[in-house]
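The values are calculated or read from the model by the stated rules, or taken from the named source; none is laboratory data. Please read these numbers as outputs of a predicted model, since none were measured by experiment. Cβ: placed from backbone, ideal geometry, glycine included. Neighbour counts: every protein chain shown.
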Amino acid sequence: MQGSVEKIVKTDSRRQVLTKVRQLLLKKHNHACVSCGVTDEVVPLEMASIVPLSEGGDFSEENFTVLCPNCHRSFDRQPREHEFISFLSELISSNDSYGNVKIEQLLGRKTRYRVDLIVERLRKKSEETLLIECKSYLIGSLARSRSIINQLKAYKEEYGNCQVVLAVPGTIKESELKLFLAENVEVWDLGYIARNFKLQIRNASPSYYKTLFLTQLARSSKLTREEDLIESLEKCPPGRSDCYVYQSLIGDILEHLFTPSLNRPIPELSDKTMSNRRDFIMPNYSDKGFWAFMREKYSADYVIIDAKNYMGKVRKTEVLQMANYLKLYGAGLFGIIVSRHGGDSAGCEHTLREQWLISQKMILILSDDDIVEMLMAKSDGRPPEDVLGRKIEQFRLSM
């Protein structure tokens, strides 16, 4: 009975928060659909979450917008890459600084390539040809960044004099951005496109990407929760003396990223023998989305987390310590080790493979860069779980 009362109180509290947020958003957007402009006098408007609540989205004003039912259905559907190409081409075509937009043009003689966009950028006294490669996903790794750079270099070699551009509807990590700039690749990310095509975004046809970019434009100039956490992470020095500071910070970050899909982190639990203690355990009762898949396919009834504020990389020993805690009929078989610089390429990687092959224990090693990428994804309106999914995909396909 008490559990039922608590559930009703919790539901009522969320409903009150959503009602307040809805009123703020309607006032901010003049009671009109953010995407198509139809008003609530014509059709009832609906609240749409940027990051779905089932995938870790919160109840803040920044995580919601208001849409008509048609635009809401379009926004909830997973967008395809060609839709981003189409959206970007519409922005460019209606901007006086660009001209002669060509979509998905074939290039080359011996080896044929298909370039997403070829555009003329109009300067005061000259023109410049842009070859634009569009990616609808976050890059996520330096290896993938180098692959894209090589692809763009091949385009430029075939075409001749031009400027190559990478366009993504997300925020690119600083390390990846430096790599692209060093190779003379111009980067159009979420912030760049929002700043430089502000008017065109507002006038664009209704779409998932219009809603995404309008949400970016509507954000205030104050630090977001994600930016605040990234700043705290960067200020925390590695080393033994700050191990508990780092551990606490990682707990706050994971709670922000993954609740309410997962329950709040439970700190410092041990098994019955008291020989195996983990920094955090996040119960997984999710019945849909990424975490439901993880529970079904990887026995992630609980997500076991260790935070290591090491100056070096995680080695075999730490992987074995995590593996000792993972039990099919105990906490489950999925664990995450968060360490400043990730894992070494010798004993650590071998042990991870061994644990998966022999015991089906899936253990991920996350670096600070991975944590920052997840925070940036959440800030951009993308599920942070995508980073974990890609790490698992890379691991499985490398076997």
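Conditions (1) under 19 Å from THR215 (Cα atoms); (2) small (Gly, Ala, Ser); (3) surrounded by fewer than 15 Cβ atoms within 10 Å (Cβ to Cβ); (4) in contact with a Ser or Thr (Cβ under 9 Å, 6 or more places away or on another chain), marked per residue:
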position: ASN95; (1), (2), (3), (4): no, no, no, no
position: GLY108; (1), (2), (3), (4): no, yes, yes, no
position: ARG121; (1), (2), (3), (4): no, no, no, yes
position: ALA143; (1), (2), (3), (4): no, yes, yes, no
position: VAL168; (1), (2), (3), (4): yes, no, no, yes
position: LEU179; (1), (2), (3), (4): no, no, no, yes
position: GLU186; (1), (2), (3), (4): no, no, no, no
Worksheet item: Restricting attention to the stretch 65-115, and to residues there that are in a loop (DSSP other than H, G, I, E, B) and modelled with pLDDT of 85 or more, which single residue is nearest to LEU130 (Cα to Cα)?
Response: SER97
Discussion item. I need a count of the residues in the stretch 359-394 that are among the hydroxyl-bearing types (Ser, Thr, Tyr), more than 8 Å from the chain's Cα centre (by Cα) and either over 18 Å from SER299 (Cα atoms) or in a strand (DSSP E or B) (or both).
Written reply: 1
Item to complete: Identify the residue in the stretch 74-89 that is more than 24 Å from GLN151 (Cα to Cα) and surrounded by 11 or more Cβ atoms within 10 Å (Cβ to Cβ) and, among all such residues, is farthest from the chain's Cα centre (by Cα).
Response: SER74
Worksheet, complete the sentence: Output for Cβ contacts, cut-off 9 Å, separation at least six or different chains, first residue on the phi > 0 side of the Ramachandran plot in the stretch 337-363, second part of a helix (DSSP H, G or I), reads GLY342/CYS348; GLY342/ASP368; GLY342/ASP369; GLY342/ASP370; GLN360/TYR298
Worksheet item: Of all helices (runs of 4 or more DSSP H) completely enclosed by the stretch 193-243, which ones contain at least 2 residues that are in contact with a Pro (Cβ under 8 Å, 6 or more places away or on another chain) and in contact (Cβ under 8 Å) with a residue 60 or more places away in the chain?
Response: 208-218
Item to complete: Just give me the residues in the stretch 169-192 being outside any helix (DSSP H, G or I) and either of a type outside the set (A, V, I, L, M) or more than 21 Å from the chain's Cα centre (by Cα) (or both), in sequence order.
Response: PRO169, GLY170, THR171, LYS173, GLU183, ASN184, VAL185, GLU186, TRP188, ASP189
Item to complete: Could you tell me which of the residues ALA292, ALA307, ALA331 is closer than 30 Å to THR211 by Cβ and over 18 Å from the mean Cα position of the chain (by Cα)?
Response: ALA292
